[in-house]
Amino acid sequence: MRGNGTSYLPVDDQKLDQFTQRANHLLAKVKWTPSKDLFNNRDLNRGGYRESSISSAREEEASLLNVARKISSDPILLREGINHSLTTVRQGLRIGMHLSASFDKASGLDNLVEMNRRGGLSEAQKTEFKRKYETSAAVATFVSAYYIVWELATYRAEEVSNLNFEFFGIPESSYLNPARAIECMLFYYTAYLEKSGLVHSDLDFIKMTLVYFHGVIDEVRQRQGSLNYLELFTSRAYKLKDSDFCVNGFEVLTGASGSSVEFNRVELESIVGNRDAKHKARRLVQRLLCFDRETRRNPMMELGGLTTLRMGHGLPGTGKSLQIAATATMLHDYCLELGIPFLFWPMPDNVVSTFQGGSAERAQEWLRPIHDPNKIVYAPVDDAENNFESRTRQGVSSGVREVIGTFLRHTEGASAVNHGNAVIEIFTNIPEQLDKAVLSRIQDRFVIDGARSREDFLDQDYLWWRKFQQILPDFIDMRDPAGYPYLEAQRQVASIGQTYDDCSEPADERMRQAFHKAVAHHSPDEHDFFARLFQEVRKVYSSFTSRDVRNIQTAVSERIMDFDFEPDWFEDMNLFFLQDYETKKGMIVELMKAGMKGLSFAEMRLQETVRYLDSLAKIVFAEEDRKVDELVEQMRLQQMAAARFQKPA
C-alpha cells in the first residue's frame, strides 16, 4: 500500500504469457461499429473523448497486421521500425490485460462477472458491476498505452522528432469492459495508420503510434475523476521484471515522452543584475552548440570549456526562475536554427515517491533522456533543496535518499557518460541544506543576487514603466536620471573577470586565515602556494577533498576558454556550428590561443581559487553563522527590552 514501504509487485513473462494469444488475435483482427465514417469526412473529435454508444452503423473489421504489411510494401517481412512498433504494442496489450485482471481480482469484479453470467445480480450489484468494469477498462487501456509510449519514446528518437503531422484526437472510446475498450482503441489506431493519409514509412508509423497512444493516455487521465474503486488500482505499484518500466496508478513519469516541457520565453536582456549568472548562461549556450552529432563529442568539453553540472544560488526573488527560462529560450532558438533537437527537461516536482524504490525509478526516468546523445539537453533543478536535502539532516525521507543515490551514480562514475550535449543546472535558495556529496560534484557555482546597484534598480523600474510610455508618451511625467542611459549597466560583459570584485584574498575570515598561512611560506605565483593553501583549508574544513581541487581546476579551465565566438558564426551557421568536429576544434583552439596572450595563469588561478573558497565557506558555514546571527538578534532584543523596562512610564 502507498506510504507503508511496500515494494513494487513484479510483472514477469510467466504472468503475461496467458495473454499472448489474445494479444496476437487483436493484432490480426478487431471488430468495431464506428458512429460514422470519421476519416473520410474528417469529422474528428478535437475536444477530448466521446463515449461510444449504440449506433445503427454497420460493424467494421480492421487488421493491424495487414495495414503494417501494406505500409511495409512487403507481404512477408515488416520494416524494422514497424516490426518494433508492433512488438511494443503487443507487449503493452499483455501488460494492460494483466493489470486489468489483477484489478478484477482485487476488487471482486471477477466474482461479479461470474454471478452476472448466472443472472444473480441485485440492482445494487449491477451498479457496482458496471462501475468496476469501467475502471477495469480504463486500467487496461491506460497501462497498454503507457507502456507503448514509454518504450517507443527513445526509439529512433532523433529521426522521429523531426516529423510533424497533425493529430485529430481520439475519435471514440469505450469503457463498457476491458475487451471492448481495447478493441475500440486498436480499431481507431489502425484507422489512423491506414486512413489518415499521414503514414507512408516506418518512421511515420512510429510517430503515429507515439502520438496516438499519447492521446489515449491523456483521454484516460481526463476521465479519471469519474471512475470508481480507483484505490484498488492506485494503492498498488507494479514493475516489469528486467525493465525500468513501472506503474504507479495513473501517474505518468516524465521519461515516457522525452519531449520538451513548455517554458515561458525570457530574453536575457530583460533580466536586471546577475551579471555573472547572465554571462555564464550565454557561455553555456555557445558551448553546448559546439556539440558534434556525427562524432557525438563536444570540442569545448575536450578543451575544458564546458562544465556539465552547475549551481546557481541566491536569495528568493533574485531571478533564478528567470535565469532558467532565459537559458532555455536561447538554446531553443539556436537549436531551431541549426536543426538540432532541443530538450528542455526540468526535474519534475513529483520525483520523490511514497513507494519504496519509486523515487529511484522516477529519478532514473528523469536522467534517461539526459544521456541521449541525439539532442541538446538542458535539465534545470529548481528549488533543489527539496530533492537533494542533506541525508544527515533529521527527518530526511527515504525517497530523497533514493533520488540522491541515483543522481550521484548517474553524474559521476563508470556509467556517467556525458557526450557534451547535456547540462544539469541546480538552483537553490539554501545551498547549505544540499547533500554534501551532491555539492562536491558541482563543477561551477555562481551567485544569483538580483538587482544591487542604483543603476540596476533604475533599469528594473524602466523595464516596468516603458510599456506605459509606449502607449501614452506623456503619461510618464518623471525626470530621467542625469548621465545614465537606461540599461547601460545590463550590457553583456566580454569576460567573467569583468564581473569580479576584489579576489586578492578570501572574504571569509576562516578561509582568509588559511590563506595568510600559505602566503607566509610561498608567493601565489608558486605552485607550492596552492598545495600549502589546500592543506590549510582542509584543516579548517575537513570535508575539503581532491574533488574540490578538481572543481577549482575546472573553473580555471573555463576562464581560459572564456572568449566570445566570432559574431558572423551566429549569422551564418555554416561558418562554424555546422562544420565537422576537427574543423570546429581547430577554430576554437585558434581563438583560445589569441585569447590567452593577455592572460596571467597565476592571477586567474588565484582568483578562481579565492572565489571557490568563499563560495564554499558561505555554504558550509551558513548554518553556523545563521545560529550566531539569531543569538545576536536575541541579545539585541533583550537589551531593547531591558532599556524599555527601565525607562520611566
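Of note:
- Put simply, the Cα atoms of the range 510-649 extend 82, 43, 26 Å along their principal axes, the longest span coming first.
- When each of Lys15/Lys132; Lys31/Lys195; Lys132/Lys241 is checked by Cα-Cα distance, pairs over 25 Å: Lys132/Lys241
- Applying the Kirkwood pairwise sum to the alpha-carbon positions of the range 158-222 produces a hydrodynamic radius of 12.5 angstrom.
- Global size of the range 389-530 as Cα Rg and Dmax, reported in angstrom: 23.1, 67
- Proximal charge balance of Arg547 [Cβ under 11 Å; K/R count +1, D/E count -1]: +1
- Heavy-atom surface of the range 346-399, accessible at 1.4 Å and reported per residue (Å²): 36 Å²
- Charged neighbours of Ser73, selected by a Cβ distance under 15 Å, balance to -2 (K, R count +1; D, E count -1).
- The range 175-260 - percent of accessible surface contributed by carbon and sulfur, probe 1.4 Å: 47 percent
- Carbon/sulfur fraction of accessible area - the range 264-374, other protein chains in place, 1.4 Å, %: 52 percent
- Averaged over its residues, the range 144-201 has an accessible area of 32 Å² per residue, based on protein heavy atoms and a 1.4 Å probe.
- With all protein chains in place and a 1.4 Å probe, the accessible surface of the range 496-610 carries 49 percent carbon and sulfur.
- Taken over the C-alpha atoms, the range 191-258 has Rg and Dmax values of 15.4, 43 angstrom.
- The charge dipole of the chain, taken about the Cα centre with unit charges on the Cβ atoms of Lys, Arg (+1) and Asp, Glu (-1), comes to about 1860 debye, rounded to the nearest 20.
- With all protein chains kept in place, the per residue accessible area of the range 425-480 amounts to 60 square angstrom at a probe of 1.4 angstrom.
- Protection-proxy order for peptides 328-341, 436-449, each taking the mean of Cβ atoms within 10 Å per residue, highest first: 436-449, 328-341
- Value at 222 nm in deg cm²/dmol, rounded to 500, when DSSP H runs of n ≥ 4 in the chain each add -39,500 (n - 2.57): -16500 deg cm²/dmol
- When Rg and the Kirkwood radius Rh are both evaluated on Cα atoms of the range 114-162, their ratio Rg/Rh stands at 1.39.
- The smallest convex shape that holds all Cα atoms of the range 52-165, its convex hull, gives 174 Å³ per residue.
- Taken over the C-alpha atoms, the range 133-282 has Rg and Dmax values of 19.2, 61 angstrom.
- Identified option (computed percent of Cα pairs over 48 Å apart; candidates (i) 19; (ii) 30; (iii) 35): (ii)
The values are calculated or read from the model by the stated rules, or taken from the named source; none is laboratory data. Quantities reported herein were computed from a predicted structural model and do not represent experimental measurements. Cβ: placed from backbone, ideal geometry, glycine included. Neighbour counts: every protein chain shown. Heavy atoms of the whole protein, side chains included, go into the accessibility calculation; ligands, DNA and RNA do not. Shrake-Rupley method; radii C 1.70, N 1.55, O 1.52, S 1.80 Å.
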